[in-house]
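A short worksheet on the structure shown next.
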Amino acid sequence: MPKGEAMATDRDILIAAGRALGRIDRDGVRAITRISVDEVEAMALALVILGLKAIPPQQLVPPDELVITRKF
């Protein structure tokens, strides 16, 4: 997917996130400093797709349920 192009589907997002994760897995800390904003966005969106609830930074106590079950 060309840089800056919108990711159209959940699959596109998960593929982009998986590729970034693969780079981190392969290169370790060095890769973390080289991840693009688009790759960080894809990883964040992947967490949303997988159902992770966002916790506001000022919320000291996390909610009882951290994952939302999606119905497809």
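No value in this document is a laboratory result; all are computed from the given coordinates. Here the structure is a predicted model, which is why all the values come from computation and not from measurement. Glycine also receives a Cβ, built like all others from the backbone with ideal geometry; neighbour counts cover every protein chain displayed.
Some points to look at:
- Among (i) 3, 15, 20, 19, 17, 15, 8, 1; (ii) 3, 14, 21, 17, 12, 10, 9, 7, 5, 3, 1; (iii) 3, 10, 15, 19, 15, 10, 8, 6, 4, 3, 2, 2, 1, 1, 0, 0, the entry that matches P(r) over Cα pairs in 5 Å bins from 0, in percent as calculated here: (i)
- Distant-in-sequence amide contacts of LEU52, defined by a placed amide H-H separation under 5 Å and a gap of 5 or more residues or a different chain, comprise ILE68.
- Using only side-chain charges placed at the Cβ, +1 for Lys and Arg and -1 for Asp and Glu, the dipole size of the chain relative to its Cα centre rounds to 160 debye.
- Ranked by the mean number of other Cβ atoms within 10 Å per residue, highest first, peptides 46-55, 10-19 order as 10-19, 46-55.
- Model label sites at GLN58 and LEU21, defined 7 Å from Cα along the beta-carbon direction, differ in position by 3.2 nm.
- Summary of packing: across the peptides 56-64, 20-28, the per-residue average of other C-beta atoms within 10 Å ranks them, highest first, as 20-28, 56-64.
- Degrees, to the nearest 10: 37-49 long Cα axis against longest axis of the chain: 40
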